[in-house]
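Take a look at the structure below.
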Amino acid sequence: MSFEQLEAELLEMGQQKFRARQIFTWLHARNITDFSQMSDLSLQLRNELSERFYIEDLKVVRKLTSKTDSTLKYLYELRDNNHVETVFMEYNHGNSICVSTQVGCKMGCTFCASTIAGFRRDLTASEILSQIYTAERESGRHADSIVLMGIGEPLDNFDNVVRFLQLISDERGRKQSLRHVSVSTCGIVPRIRELADMKLGITLSVSLHSANDVRRSEIMPVNRRYDIKTLLNECREYMNKTGRRISFEYAVIEGVNDSDEDARQLHRLLSGMVCHLNLIPVNPIKERDYRSNRAKVEQFAKKLSGMGLNVTVRRTLGADIDAACGQLRREYEI
């Protein structure tokens, strides 16, 4: 519930308005999991709350810890026995958590493990929130930044994702700065336009993966609906409206999108844009023969940098625990 919805429910119960702030703080600042823990409420009110409502709390069915870099990977079980994944990563600048927004994915990107198992349903705002709150309680770590780049396409679950952003940034709760929240998309143009109009302050990460329409359509079926020109025009509009730089994600697949011509096409496409290009060594999955060679990815980055693009290669974390989202869920459910 939003704060306003919670307040309305409490008024209907005959409670005073200030109770909403107390409860909201318990939920979003103190991460409690049971109404009995709300010690500044009367026992009668706590019992009444537990009869009328529930607090989302995810069950950890598997937890993997990397031996190389302290990355944590959680497999959560939802109330309907579906499963999603969350990855907690440590960087020099702080802790980052990558959360899922759907059970499965409809987008069909050929290199992605999340789409192979099929789409089940959208996650609610509370299920997205609970991935963070549960991981923080279980690990004893605080997530400084949040990435919506796990299982699912965030902008295909637009309303729940926006509700999540509103809840986690609410000044009466967690107070998360949305400048430290990144929302990834494969390029659903109408939703990018809606996000731009909201001016939330998030970082928008757009999965590009090719600067060539034919190749991108092969890798990412969404390109058949919103081609590169349409997508890039909307990205420019997003930056103009929000003043926020876009990050383009590029999964480097050996022999598919890492040639000299691919580099030249990327340069022509992004030259002049105030943007960041993030190269990602593609994660191998059993059903595909896609591979990446780290040294070749670095060479590809060097070419692009020499052309004047702002480019980095994503640090690979949790490789020993298959930290890329989608893999653990599939293995568990088979």
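Residue by residue, here is whether (1) closer than 23 Å to residue 225 by Cβ; (2) in contact with a helix residue (DSSP H, G or I) (Cβ under 6 Å, 6 or more places away or on another chain); (3) crowded, with 21+ Cβ neighbours inside 10 Å holds:
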position	(1), (2), (3)
64	no, yes, no
70	no, no, no
95	no, no, no
105	yes, yes, yes
108	yes, yes, no
113	yes, yes, yes
116	yes, no, no
119	yes, no, no
122	yes, yes, no
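The residue that is farthest from residue 189 (Cα to Cα), among those in the range 233-269 that are assigned to a helix (DSSP H, G or I) and acidic (Asp, Glu), is 260. Filter the range 131-146 down to the residues that are crowded, with 23+ Cβ neighbours inside 10 Å and farther than 17 Å from residue 202 by Cα, then identify the one that is nearest to the chain's Cα centre (by Cα). Within the range 131-146, the match that is nearest to the chain's Cα centre (by Cα) is 131. The residues on offer are 241, 229, 175, and the sole one that is surrounded by fewer than 17 Cβ atoms within 10 Å (Cβ to Cβ), on the phi > 0 side of the Ramachandran plot and at pLDDT 95 or above is 175.
Only one entry in 246, 285, 280, 253 is modelled with pLDDT under 95 and within 25 Å of residue 202 (Cβ to Cβ), namely 280.
Of the listed requirements (1) of a type in the set (A, V, I, L, M, F, W, C); (2) surrounded by 15 or more Cβ atoms within 10 Å (Cβ to Cβ); (3) within 20 Å of the chain's Cα centre (by Cα), residue 253 misses just one: (3). Scanning the range 46-57 for residues that are assigned to a helix (DSSP H, G or I) and under 22 Å from residue 78 (Cα atoms) yields a count of 4.
Checking each residue in the range 215-232 for being in contact (Cβ under 8 Å) with a residue 24 or more places away in the chain and part of a helix (DSSP H, G or I) picks out 215, 218, 219, 221, 222, 223, 228, 230, 231, 232.
What's the number of the only condition in (1) within 21 Å of residue 248 (Cβ to Cβ); (2) at pLDDT 95 or above that residue 115 fails to meet? It fails just one condition, (2). As for the range 3-24, it holds at least one residue that is free of Cβ contacts under 8 Å to residues at least 40 places away in the same chain, small (Gly, Ala, Ser) and buried (at least 16 other Cβ atoms within 10 Å of the Cβ). Among the residues of the range 1-30, the ones that are among the basic types (Lys, Arg) and assigned to a helix (DSSP H, G or I) come to 2 in all. Considering every residue within the range 269-277, establish whether at least one is small (Gly, Ala, Ser) and touching a residue at least 40 places away in the same chain (Cβ under 8 Å). Scanning the range 269-277 turns up no residue that is small (Gly, Ala, Ser) and touching a residue at least 40 places away in the same chain (Cβ under 8 Å). Which residues, taken from the range 66-82, are part of a strand (DSSP E or B) and touching a Leu at 6+ places or on another chain (Cβ under 6 Å)? 73, 75, 76, listed by residue number. Taking the range 214-272 as the range and being more than 18 Å from residue 108 (Cβ to Cβ) and among the β-branched types (Val, Ile, Thr) as the test, the residues that pass are 230, 242, 246, 252.
In the range 74-89, the residues that are farther than 10 Å from residue 103 by Cβ reach residues that are of a type in the set (D, E, K, R) and part of a strand (DSSP E or B) with C-beta atoms within less than 6 angstrom, at least six apart or across chains, in these pairs: 74/63; 75/62; 75/85; 77/59; 87/73. Taking the range 178-214 as the range and being surrounded by fewer than 21 Cβ atoms within 10 Å (Cβ to Cβ), under 15 Å from the mean Cα position of the chain (by Cα) and of a type in the set (S, T, N, Q) as the test, the residues that pass are 182, 203, 205. Among the residues of this structure, residue 98 does not count as one that is in a loop (DSSP other than H, G, I, E, B) and touching a residue at least 12 places away in the same chain (Cβ under 8 Å). Just name the residue that is nearest to the chain's Cα centre (by Cα) out of those in the range 31-45 that are in contact (Cβ under 8 Å) with a residue 24 or more places away in the chain and in a loop (DSSP other than H, G, I, E, B). Per the criteria, the residue is 31.
The values are calculated or read from the model by the stated rules, or taken from the named source; none is laboratory data. Since the structure is predicted, the reported quantities are computational estimates derived from the model, not experimental observations. For neighbour counting, all protein chains shown are included, and Cβ atoms are generated from backbone atoms with ideal geometry for every residue, glycine included.
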